[in-house]
Structures are given as structure tokens and as C-alpha cells.
Amino acid sequence: MSGSMKPYKWFSGTSGWIHELLAKLPKDMQTKIRSWALFRPDDINDLYPFPRNRISYPGVERIKGYRYPAPGSRPKVNVPQSESDDKLYDIKYFDHDTRRRPAEVFSWSPDFKRVALPDSPEPAKLMGSPGNKNPAVLAYDPTGLRSAMSATNQELEKALDRAMPNHNVRYAWQGEEEQIVKDCEAKGLPVPPGKRAKFAVPAMATQRRW
């Protein structure tokens, strides 16, 4: 039992004379009996595993009972608007997953002899399904990429080309190479490839917890 319960709740099922007797005792005596008889006399939730419907915590303004504030009195949610409702159901990812169109990488090693390759008039093309050209799909998507059965490699390559990144990659430490080398030499440390990044982390992340 907990201490926030009234005295008559301690002895439920017994005669009322116990309640009357406890009610006549001084407040300090009631507190002593409560501390002796109850497991946690100051528990505000009466040792229930969850707060009661009309519970309120001293000093906590946002908790004033169950479903407070009422959902009907809350501001309306901000629902994003779309120009076309059809886009809400376009959840495919393969037409903008640029990992499916990697750049060609050429490597050379002096350990291998050069092999003369025959000249090819045209680069090799990716072979795949020609698509079933389903009219129901092509009616709302001429590319046919909205359905795997109607998708073709030609349209997929066009879509990936439009999604390919075209920005120039630049390191954050570019222009500080000389300063990085000087700092490492002054500290007697090996020169790292680049510069240590500064991450925005809360102050408590570096504090110990016991």
C-alpha cells in the first residue's frame, strides 16, 4: 500500500471503528503509522503501474489527467499538399537509385601485359526485358517504369541519368593542408588523410553515467 491512500482504505473490509480511531489521531501520529505500515508512503500513484485518470503532479503543468489536453482542442495537423495525388502512390525507388548506374572504372597495372581488344563499333548494351507495353500502365506513365513488367532498360537509364548527382565534391578541409601538416609535426603525430570532423553532439554525451 502507498501513503497517498486515505486511512479507511488501509483496512478495507474491517469495521469502521478503526477508521474512526485513526481519524482522531494527530497528523504527526498518522504520518508515523503510515510510514510504518506502508511500503512507499509518499508514492503519488499508490503503487499503480500507471497513473490514474485524474492524476496531477505538483510543479508539472502539462500533466492534468488522462488525455489532457483533449485531442479535439489541439491545433490541426499540417498535412502536406501535393500537386498530383497520383504521386502519392509512386513509391518505387529503382528509377532514382543511382547506385544502379555506377561510373566505369579503369585500372592499370604494370604486372599485366596489355591485351589488344577488338574495336567495337558500338558499346555493349544492357540486355533485358523489352517490357510488356501494358496499355493500362502506359496510360498514366508513358515510360512504363511504374510497373516492373512494363519497365525497360532504356527508360531506366534515362531516369537514372536525370537523377545522377552533378555537384562537385569538395572536402571541408581543402585549403588547410599546410596548417594540418604543421600542427601534426608540432605535436609529433603522423599526418592523417584529411582533418578530423567536428560533430554537433550534446554536452551530456561526454559526461559519465553511473
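A short reminder: the numbers here are calculations on the coordinates, not readings from a lab. Keep in mind the model is a prediction, meaning the values are calculated, not measured. For neighbour counting, all protein chains shown are included, and Cβ atoms are generated from backbone atoms with ideal geometry for every residue, glycine included.
Some points to look at:
- Euclidean distance of C-alpha centroids, the range 27-78 and the range 185-204, integer Å: 49
- Entries in Lys92/Lys133; Lys92/Lys195; Lys133/Lys158 that, when Cα-Cα distance is taken, lie over 27 Å: Lys92/Lys195
- Nonlocal amide H pairs with Arg40, under 5 Å, H built at 1.01 Å: Gly3
- Highest average packing first - 176-186, 162-172, 71-81, 28-38, Cβ atoms within 10 Å: 28-38, 176-186, 162-172, 71-81
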